Each structure stands twice: as C-alpha cells, then as structure tokens.
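Structure record follows, encoded as structure tokens.
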Amino acid sequence: MTAAPFSWIRPEPHGIHVAPADVWVDPSRAVPRALVTHGHADHARGGHGETIATPETLAIMKLRYATSAGARAAAYGEEVAIGGGVTATFLPAGHVLGSAQILLQHAGERVIITGDYKRAPDPTCAPFHVTPCDIFITEATFGLPVFTHPPIAEEIAKLLAARAANPDSAVLVGAYALGKAQRVIAELRAAGHTETIWLHGAMEKMCRLYEEHGLSLGDLKLVSDAGKDDLRGAIVIAPPSALNDRWSRRLPTPLTAMASGWMRVRGRARQRGVELPLVISDHADWHELTQTIGEVNPAETWITHGREEALLRWCELSQRRARALALVGYEDEDD
Ligand SMILES: [Zn+2]
Ligand SMILES: [Zn+2]
C-alpha cells in the first residue's frame, strides 16, 4: 500500500511533525527529537532529547540554555538521514547567524520549511538560498502589503544623522540581542562609524559569539564600564525591554530609537515611547514574501507564523495552491 502524497508531513498545533522519522520541526515544547531552524526562542526551545541544527544555531542554543546535550550538527547543504527514509538538508535563510530553511525529502517528495527568513542583504549571515520543492512552508510575520522594509542604509543614515544633531545625548537603540543588534552594529561600521559602540550587558555574549564566527564588530564596550561623559554623542545598543526601564536613566539625555519591522506602525513606536523609529527587520516584507513564493514556485504553499490571510488571498489570486496552518506558540522575539 502506498501512502497518500505528503501524508508523512503533518502540521500539528505545536510544530510540524515528520511522521516516518518521528521528528518535530521547531516544536514549541520539548520533544525527543527536533530539527531547529534557528536560535530565536520561539523556534529553539531547550530540553529536547536530540537537536539537529546548524553548528551556529547549536552554539547559540548552548549559550542560551547552558547545555548542549543531544546536539547534532548539520552544515549548510549537507544531506542528513534522520530515519524512516527521510533526509534533511539545512539551507541558508538569511535571517540571523546560522538560520536555515530545512529541505525534507521522502519518497521522491520535497518539502521546505523556511523558519524565519529575509531576502535583503545582511552582512551577519549567509543569504537565502532559493531551492525548488513541492511544498513550501513559509513564514508570514509581515504578510500584509502595508509592510515594506526600506533599504537598511537609509535607516542607518537616519540614526547617524540623529546622533550628529544631538551631540550631548546618548542615542539608545532598542534591538533584539540575537541578530538585530549585530546587524545594526555591522551596518553602522559599513557606513563608516568607527567609534566605540556601547552595549547593554545582555548584548555582550551574543556579540562575542558572532565575532567568534568571523564577524568583526569593531570597538564594543559595556555601558557599565562607561563614565557619564563617555556616552555623550555615543550610540548605545540595548534590548527593547531596557528602553524605558531604570537602566536607561544612567544615560545622558537619551534619545530613544528602536530597530524593528513593526516601527512601520506609528502606534507601536508611540506605545514604546520611541522617538526615532527605525524600520529594520530580519523578516521578509510583503514584497519579499511574494517574490520568494514566485521564485521557489512550489506546487503548494503552506503559510504560517504571522498574518496568513492576505498571503493566502494573494496565492489564490495568482492561481497558486495554498493553505494556512494554525501553529501555536510563535511570538516575535525577532522582528
Ligand atoms: Zn520566528
Ligand atoms: Zn527568528
């Protein structure tokens, strides 16, 4: 008896189950065996029996969870047999260091699970690799036409202009500790900003991890080591949660910025008290999502992890087979 096409891949509320191998992709709870696309907390939970991921993602998980039990590394492009006649190949997703799409192959059928991804250039990670497949399971965090991310150079120029206009202030930039912070720093360097960049303590280890993986971030120092005058006219990077808490009061007349795709929405910036919204996202915007589905050109697109409805409608209007998945437990650590 032959199984129905693609019956081996099952979207369940807590992740995608690969039945013949009894493996879960990015499960939102601890499982015996997991494939993990990247290190953000909503994808990489701790406590799995075995975790198969890229070496960079495993290093990030080790840093975050202080354990590497059951870790099995899969380099980009390496076809890994995971049991039950299924192979898994990790391919660059362009999202953060080590981020991968996972190509699963079984009985001549090819399924790609993108995890989070973007198409815009990013000096801190390998670019998204367009790969043919039958079913393409795409994220849709910014799956509305209103979401367009400007070129990052424009947003970095705004940041540097604000700094130049406020020489007595510290420019405090809220950025997620994994990925966004390092990308903002690397782009500041690329724009010619060579001065010390000051870090909140929560950023330090992840920045060092990126440097150990070959990305040079220039002169970084901790705010806790600064004299008050050191921070005048300086750029300070902190997690978004630190923007409005006691921690930021030590900074000289801080000017608050935030680097996030959500900064496109004025209300979100206002809510957080952000004076300088920077639309910098590590996710595909609407144009990148539709461009990618067009280039990959799968027989079927499954949409998850965000705003599914508009992208579903776009697929229908472009005569593409598509469905929305209802996975739970994915919040944006990483916008
Ligand atoms: Zn995510
Ligand atoms: Zn992510």
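Every number in this text was worked out from the coordinates using simple rules, so none of it is lab data. Everything quoted here is computed from the prediction, not taken from an experiment. Positions of Cβ are backbone-derived with ideal geometry, glycine not excepted, and every protein chain shown enters the neighbour counts.
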* Asked: When the chain is modelled as a GNM with alpha-carbon springs shorter than 10 Å, which of Ile102, Ile293, Ile303 fluctuates the most?
  -> Ile293
* Most fluctuating residue of Ala175, Ala299, Ala322 in a GNM of the chain with Cα springs under 10 Å: which is it? -> Ala299
* Estimated distance in nm for a label pair at Asn166 and Arg29, the labels positioned 7 Å out from Cα along Cα-to-Cβ -> 4.5 nm
* Could you check which residue among Pro167, Pro252, Pro277 shows the biggest mean-square fluctuation in a GNM of the chain with a 10 Å Cα cutoff? => Pro167
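Report the full-extension gain for the segment Leu222 to Glu79: residue separation times 0.36 nm, less the Cα-Cα distance, to one decimal in nm.
Gain in length upon complete extension: 47.4 nm.
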* **Dipole magnitude of the chain about its Cα centre (Cβ charges: Lys, Arg +1; Asp, Glu -1), debye to nearest 20** => 680 debye
* Given the alpha-carbon gyration tensor of the chain, what are the semi-axes of its equivalent ellipsoid in whole angstrom, ordered largest first, with each equal to the square root of 5 times an eigenvalue? -> 37, 22, 16
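Under a Cβ-Cβ cut-off of 10 Å, what is the net charge of the residues other than Gly233 that fall near it, where Lys and Arg count +1 and Asp and Glu count -1?
Numbers: positive: Arg163, Arg232; negative: Asp168, Glu195, Asp229, Asp230.
Net of charged neighbours comes to -2.
Can you pull out the GluC sites (Glu not before Pro) in the stretch 124-199 that DSSP calls coil and that have at most 12 other Cβ atoms within 10 Å? Show your work: numbers first, answer last.
Values: sites: Glu139, Glu154, Glu155, Glu187, Glu195; in loops: Glu195.
Hits after loop and neighbour filter: Glu195.
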* To do: Please give, to one decimal in nm, the separation of the simple spin-label points placed at Thr196 and Ala299, each 7 Å out from Cα toward the Cβ.
  => 6.0 nm
